[in-house]
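The values are calculated or read from the model by the stated rules, or taken from the named source; none is laboratory data. No experiment lies behind these values; they were computed from the predicted model shown. Reconstructed Cβ throughout: ideal geometry from the backbone, glycine too, with neighbour counts over all protein chains shown. Accessible surface is based on the protein model in full, side chains and every heavy atom, while ligands, DNA and RNA are left aside. Shrake-Rupley method; radii C 1.70, N 1.55, O 1.52, S 1.80 Å.
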Amino acid sequence: MTRDADTLHFRACNLCEAICGLQIRVEGGRVVDLRGDPEDPLSRGAICPKGSALIDLHEDPDRLKSAMRRVGSQWEAIPWDEAFEIAAERLGAIANAFGPDAIASYHGNPTVHNSGTSLGGGTLLRALKVRNRYSATSVDQLPHHVVAAALFGHPMLLPIPDIDRTMFFLAFGANPLASQGSIMTAPGMRERLRALRARGGRFLLFDPRRTESAALADEHHRIRPGSDALVMLAMLQVIFARGLANGGRLEASLDGIESVRAAVAAYPPERVAERVGITAGEIERIAIAFATTKPAVAYGRMGASTQEFGGLCQWLLAALNILTGNLDEIGGAMFPLPAFDLLLGAKRGVAYAPQRRTRVRGLAEFNGEFPVAALAEEIATPGDGRIRALITIAGNPVLSTPNGGALDRALEGLDFMLAIDPYINETTRHADIVLPPAIGLETEHYDVVFHHFAVRNTARWNDPVFPIDAEQRYDWQIFEELARRLGGAPSASPRERIDRALQAGPWKTSIDELRASPHGRDFGALTSSFPQRLLTADGRIDIAPSAMLADLARLESTIAAPIPDLVLIGRRELRNNNSWMHNAPRLMRGPERCTLLLNPQDADRFGIADGAAVEVRSAVGRIESVARIDDAMMPGVASLPHGFGHHRAGVRLRVASAHPGASINDITDPSRLDALTGNAALNGTPIEVRSLEVR
Ligand SMILES: Nc1nc2c(c(=O)[nH]1)N[C@H]1C(S)=C(S)[C@@H](COP(=O)(O)OP(=O)(O)OC[C@H]3O[C@@H](n4cnc5c(=O)[nH]c(N)nc54)[C@H](O)[C@@H]3O)O[C@H]1N2
Ligand SMILES: Nc1nc2c(c(=O)[nH]1)N[C@H]1C(S)=C(S)[C@@H](COP(=O)(O)OP(=O)(O)OC[C@H]3O[C@@H](n4cnc5c(=O)[nH]c(N)nc54)[C@H](O)[C@@H]3O)O[C@H]1N2
Ligand code: SF4
Ligand SMILES: [Mo]
């Protein structure tokens, strides 16, 4: 076999936000070698074990290639034409009989990792006039968008840590060594964090668990779940009290400094120390160090977003960056300028005030989407406006949203469900029709979303490694065909839209030009762009939005509230990826990973031995797991990964079902929300645990 260019492919991994460049050798129709591409200007050869699992996905015998129809509990493969006909006819009939609001959609996480899926989806939703839209955003980064809209004028104008140039990286509730970075596309996190420390910079981490990332940090502070906003308020109090607040270059564009000063004055470190579990002296020291080290950046991710005060956390993190002069500065929190710029042509001064609320609980929408914590009740609660049909695209909300068990049951009550997904998983097993797209190495892809979060301005076009069979379809083709049958207007293909956007974008490039640079184009380090790039009505930043100030009352009430005996938080591990990579054999070797971590004190307190089977109860349900005693956990806090629970009948994931685990979201509580943003509070669930071992 020759080693010619035909057999060597360069493309980015699309499994997580790191978008590592890969070098893939194909011989005889199979991948024989897959490794990091050292010439990718962003990832420089970085790769993680999941990258190679693209091969498992490609070769997975459980991955569907033909359309499926469910008949009772049986599945039959049917011709695509027939599947499109049934889906269009049923959805059309439900919309005619009950109006478009009887149909809801749920977009899962891989949507944003496949440009054909993300750019194509609108066609179908428009054809059906779907307004009941849900997605994984409200179990994830919704607070970041709400705060970006309020402060900077657009939900996608998100500040990203300039990790390669900062001297002080202050992180709350993130585990970049496992996640490989989130809302911070920075492949090779281990090397980047090591480089930070090698140049004399510091990495401080607040997390209730001593994580893989904590092992690399200068300081790790165990913080009580849900109390981050109190630490941030106290840090700001110290910064003002010591006269260290300074907006730097942007000071003249800031409004509301005095309101923030007044609001934080009520939170000296002594007032919050007990609640957060960190001494006042430590908080004060960290605040001063943060404000006096240049450049510095504060950042918070899942632990600081999917909790009851996610919105306050993201607001206060922005305030910390702004009031120490680190916003939009080199080494601070910066705004990438991607070649496909979603902000290009965005209007200034758009108000993101909610127009609609959910029927049952009255939860506000944000940017055209409702909180997914409301989906099950919107299906299950009888009455006018009930959701009768659901379209899921690239998602598994039964395992990924709070009280997924209730959603699991609610889905049985739908009149019709369509899933656009390559697998029959815990959610799609309820569908009447499954339309499986070509995925992964079979797709062409441009990372529209993650270049927006990247720590360097680069761009790459990804051609498919493998052609698809005549029988297969891409997501966007599925959307187009359904839309056509429903009378929708045809739209430009994702490729045409990407090409146009690249040509119109800040770097004036094109797909052809990117193709000529198979490792990707490098447009250099991030640069400052404020105040010009702000999209607020007056081109200024109001750092004291009234909604955020008002929400402080809710936080205030927690300071004196009793601390629950035991709360549950989540955990990501390098070889998991949400719910859907558990069918990749190479990722599932080794000890079972769906275990409940408990601090030794708690294990003692509740009489639980290492390795014991345990029952875990919350206000909404119970699961069984296996306890692991681990002093990395903060006392009073237990941890369980999400995305497991593959034991359910009818799931067609042979490898995953052999490692079923339990679903943490069978016990997370949809009534625990960040009231400010509608994001689910997946972390900090009060639980009780007891041993199931007979003694
Ligand atoms: N308790 C708890 N719950 C959590 C989290 C947590 O930390 N704790 N994390 C939350 C977060 S951050 C997220 S993002 C969500 C994820 O939640 P979801 O997005 O609902 O679930 P995934 O597990 O990502 O499911 C992805 C599905 O997409 C399919 N898929 C993969 N590629 C493609 C493609 O190209 N096209 C199509 N059509 N389908 C594809 C897969 O087969 C799989 O069925 O989970 C959330 N849930
Ligand atoms: N290997 C792997 N990589 C992934 C994924 C995956 O499933 N597996 N998923 C991808 C996705 S969709 C996302 S959104 C990102 C997420 O990326 P990250 O947010 O970096 O990853 P998590 O592991 O969820 O980190 C959250 C941390 O918050 C801590 N925590 C929990 N509650 C609190 C709290 O109240 N306060 C504080 N300070 N900390 C708390 C947890 O212990 C945990 O270490 O990862 C992405 N990358
Ligand atoms: S870190 Fe791993 S999963 Fe994420 S893009 Fe890189 S190789 Fe893929
Ligand atoms: Mo996510």
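Things to note:
- Paramagnetic label zone (point 7 Å from Cα along Cα-to-C-beta, Ile559; backbone N under 12 Å) in the stretch 292-319: none
- Rounded if a/c under 1.5, otherwise prolate or oblate - the chain, Cα gyration tensor axes: rounded
- The residues of the stretch 564-691 have, on average, 37 Å² of accessible surface per residue, using a 1.4 Å probe with all protein chains present.
- Between Ala12 and Leu22, the built amide H atoms are under 5 Å apart, and every one of these is 5 or more places off in sequence or on another chain.
- The stretch 95-197 - percent of accessible surface contributed by carbon and sulfur, probe 1.4 Å: 51 percent
- Paramagnetic reach from Ala198 in the stretch 33-56 [backbone N under 20 Å; point 7 Å along Cα→Cβ]: 36-48
- Dipole check for the chain: with +1 at the C-beta of Lys and Arg, -1 at the C-beta of Asp and Glu, and the Cα centre as origin, the magnitude is about 620 Debye.
- Cα centroid of the stretch 417-445 to Cα centroid of the stretch 222-248, whole Å: 45 Å
- Judged by the gyration tensor of its Cα atoms, with axes a ≥ b ≥ c, the stretch 340-493 is oblate; a/c meets the 1.5 cut and b/c is at least as large as a/b.
- Computed magnitude of the charge dipole of the stretch 440-538 (debye, nearest 20; Cβ of K, R +1, Cβ of D, E -1): 380 debye
- Report note on the peptides 198-206, 134-142: ranked by the mean count of other C-beta atoms within 10 Å, highest first, their order is 134-142, 198-206.
- Here each label is just a point 7 Å from Cα along the line to Cβ, and for Lys129 and Glu191 those points are 5.3 nm apart.
- The stretch 490-507-the stretch 116-169 distance, computed between alpha-carbon centres (Å): 19 Å
- Whole-angstrom gap from the stretch 618-695 to the stretch 363-395, using each part's C-alpha centre: 23 Å
- With all projection directions averaged, the alpha carbon convex hull of the stretch 7-59 covers 3.3 nm².
- As a calculated quantity, the FRET efficiency between Ala241 and Gln601 at R0 = 60 Å, using C-beta atoms, amounts to about 0.95.
- Its relative contact order, with pairs defined as Cα atoms under 8 Å and 6+ residues apart, puts the chain at 20 percent.
- Cα shape, the stretch 564-691, gyration tensor, a/c 1.5 rule: oblate
- Surface share of carbon and sulfur [accessible, 1.4 angstrom probe, percent] for the stretch 7-59: 47 percent
- Estimated 222 nm signal from helices in the chain, with DSSP H stretches of n ≥ 4 weighted -39500 (n - 2.57), rounded to 500: -8000 deg cm²/dmol
- Here's the list of lysines a cross-link from Lys129 could span, going by alpha-carbon distance under 27 Å and ignoring same-chain residues fewer than 8 apart: Lys347.
- Value of relative contact order over the stretch 7-59, rounded to a whole percent, pairs C-alpha under 8 Å and six or more apart: 28 percent
- Formal net charge of residues neighbouring Ile543 (Cβ-Cβ distance under 13 Å; K, R +1; D, E -1): -2
- Placing a label point 7 Å from the Cα of Ser546 along the Cα-to-Cβ direction, no residue of the stretch 322-337 has a backbone N closer than 19 Å.
- Accessible surface, per residue, of the stretch 7-59 when the full set of protein chains is kept, probe 1.4 Å, Å²: 34 Å²
- Estimated FRET transfer efficiency when R0 is 41 angstrom, pair Glu85-Ala516 (beta carbons, to 0.05): 0.45
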